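Remarks on the structure that follows.
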Amino acid sequence: MALVALAPSAARADSGSVTRVHLTGDVRIPGGTTVELLRRTLVLTAGEKRHLAARLETTSSTTGTVGLTNRITCTDSTGAPASVVAAAARNHEGYDTETYAKPGHLPVIADLLLTAPATGTYSCVLYGSAYSTLPGSYHLTAVAGTTWLDISDSDQTGAQWWQNPACESADTAGLCTYVGDGAADADAWIFYDDGTPPTKWKADPSTVTVTAQANLELTTCYKGTASCADTREEYARGKNAVADIRFEFIQLDSTGHACRTHSTASRKTITDEGHHFITRHRLPNIPVEAACGTRTFLMRIYVKHVSGQTLKVDGLQGGATSLTNGIAFNDR
């Protein structure tokens, strides 16, 4: 593990300032292992909220496909989990890949809203994992400088966390949400009609604007994958998938209906080589409209299958690791 002195971050991900710690030297992540990359210690009071964002950028030793997972974990002074684990995953498609913004360099970002369950000291860690069925040895390398961990410097008062329901990797219980062909639905509303417990959020009486963000993890369901229910696998590997995604944050009126809808939309191509695909969405500085009559908001993500492989919406794994989630903040 290598890190620098704490320094203010230029990024503004939430209410108030953010401190970022960078990886100062490249760190190898051998195949089949999970490696601690960065750690921060926080002293918090019960109920205090902090936003953590972790960026893990990797290169690969091989032209083959290697799974990459970025995890943020926070534990108390006894080592007990203080929150869910926030994770984001994507397959690194090899050092010869030219489709990334920087050829051969794959960045993956995860976010977590930590609410301290009790007054005490907490350790928050960025972990990187590498895994593959490739023969022989292989490794990923976490890149210095562009791998970092951000933590808000102050209490994110009133912030709220969303996560979708349980969805294990192989989905042997058939609990996951799918969009695509065959038995899958053509579209879905995440955090809205996917079994997520109904969750609305009320902005603080003193805030003028709010910010919303979400991470959505999608997985292609090609025939023979171990990451989807067998009944959702329609096509052989190599067909890939295209989906339209719209992130919405809606201010409600006094009847509970939409008053102001704020949204951002994009079309994404998810390759079977990439397989797992994290998308990150953000709506900053949303005005709280007095004319709506309430300060209550609803978050949801619309996913529509356009073509290709059926897509699984990844959810809570092992009762502890969240792959699809959202956060709302009061701006100050």
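List the residue pairs whose Cβ atoms are under 6 Å apart, where the first residue sits in region 187-209 and is touching a residue at least 24 places away in the same chain (Cβ under 8 Å) and β-branched (Val, Ile, Thr), the second is outside any strand (DSSP E or B) and open to solvent by less than 20 Å² (accessible area, probe 1.4 Å), and the two are 6 or more positions apart or on different chains.
Within 6 Å, the pairs are 190/164; 196/164; 207/331; 209/331.
Hey, among the residues in region 132-146 that are within 26 Å of residue 226 (Cβ to Cβ) and either touching a His at 6+ places or on another chain (Cβ under 7 Å) or aromatic (Phe, Trp, Tyr) (or both), which one's most open to solvent (accessible area, probe 1.4 Å)?
138
What residue, among those in region 29-44 that are open to solvent by less than 10 Å² (accessible area, probe 1.4 Å) and under 21 Å from the mean Cα position of the chain (by Cα), is nearest to residue 67 (Cα to Cα)?
Here the answer is 29.
So that you can scan it fast, the table gives a plain yes or no per residue for (1) among the β-branched types (Val, Ile, Thr); (2) in contact (Cβ under 8 Å) with a residue 12 or more places away in the chain; (3) over 26 Å from residue 282 (Cα atoms):
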| site | (1), (2), (3) |
| --- | --- |
| 87 | no, yes, no |
| 105 | no, yes, no |
| 140 | no, yes, yes |
| 147 | yes, yes, no |
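Can you tell me how many residues in region 146-171 are within 20 Å of residue 87 (Cβ to Cβ) and assigned to a loop (DSSP other than H, G, I, E, B)? Before you say what the answer is, go through the steps one by one.
To start, the set of residues in region 146-171 that are within 20 Å of residue 87 (Cβ to Cβ) comprises 146-152, 159-171.
Then keep just the ones that are assigned to a loop (DSSP other than H, G, I, E, B); that gives 146-147, 159, 164-165, 167-171.
Result for region 146-171: 10.
Under the condition of being in contact with a Ser or Thr (Cβ under 6 Å, 6 or more places away or on another chain) and open to solvent by 10 Å² or more (accessible area, probe 1.4 Å), which residue from region 106-131 is nearest to residue 22 (Cα to Cα)?
127
Assuming residue 297 fulfils every condition listed in (1) at pLDDT 95 or above; (2) not in a strand (DSSP E or B) apart from one, which condition is it?
(2)
Has region 197-212 got any residue that is open to solvent by 10 Å² or more (accessible area, probe 1.4 Å) and under 30 Å from residue 230 (Cβ atoms)?
yes
Could you list, in sequence order, all residues of region 280-307 that are closer than 15 Å to residue 187 by Cβ and of a type in the set (Gly, Ala, Ser)?
307
Kindly list, by first and then second residue, each pair from a residue in region 50-63 that is free of Cβ contacts under 8 Å to residues at least 60 places away in the same chain to a residue that is outside any strand (DSSP E or B), limited to pairs with Cβ atoms under 7 Å and residues at least 6 apart or on different chains.
Between residues of region 50-63 that are free of Cβ contacts under 8 Å to residues at least 60 places away in the same chain and residues that are outside any strand (DSSP E or B), the close pairs are 63/94; 63/95; 63/96.
Looking at residue 110, is it in a loop (DSSP other than H, G, I, E, B), closer than 26 Å to residue 152 by Cβ and either at pLDDT below 95 or not basic (Lys, Arg) (or both)?
The answer is no for residue 110.
Across region 54-97, what is the total count of residues that are open to solvent by less than 10 Å² (accessible area, probe 1.4 Å) and part of a loop (DSSP other than H, G, I, E, B)?
Residues that pass the stated criteria total 1.
Quick check: anything in region 235-256 touching a helix residue (DSSP H, G or I) at 6+ places or on another chain (Cβ under 9 Å) and open to solvent by 70 Å² or more (accessible area, probe 1.4 Å)?
The first filter runs over region 235-256 and keeps only residues touching a helix residue (DSSP H, G or I) at 6+ places or on another chain (Cβ under 9 Å), leaving 251-254.
Still in the list and also open to solvent by 70 Å² or more (accessible area, probe 1.4 Å): 254.
Checking region 235-256: at least one residue is touching a helix residue (DSSP H, G or I) at 6+ places or on another chain (Cβ under 9 Å) and open to solvent by 70 Å² or more (accessible area, probe 1.4 Å).
Would you mind finding the one in 298, 323, 316 that is under 14 Å from the mean Cα position of the chain (by Cα) and open to solvent by 20 Å² or more (accessible area, probe 1.4 Å)?
316
The values are calculated or read from the model by the stated rules, or taken from the named source; none is laboratory data. All of these numbers come straight from a predicted model, not from anything done at the bench. Every residue, glycine among them, receives a Cβ derived from its backbone with ideal geometry; neighbour counts consider all protein chains shown. These accessible areas exclude ligands, DNA and RNA; they are computed on the full protein's heavy atoms, side chains included. Shrake-Rupley method; radii C 1.70, N 1.55, O 1.52, S 1.80 Å.
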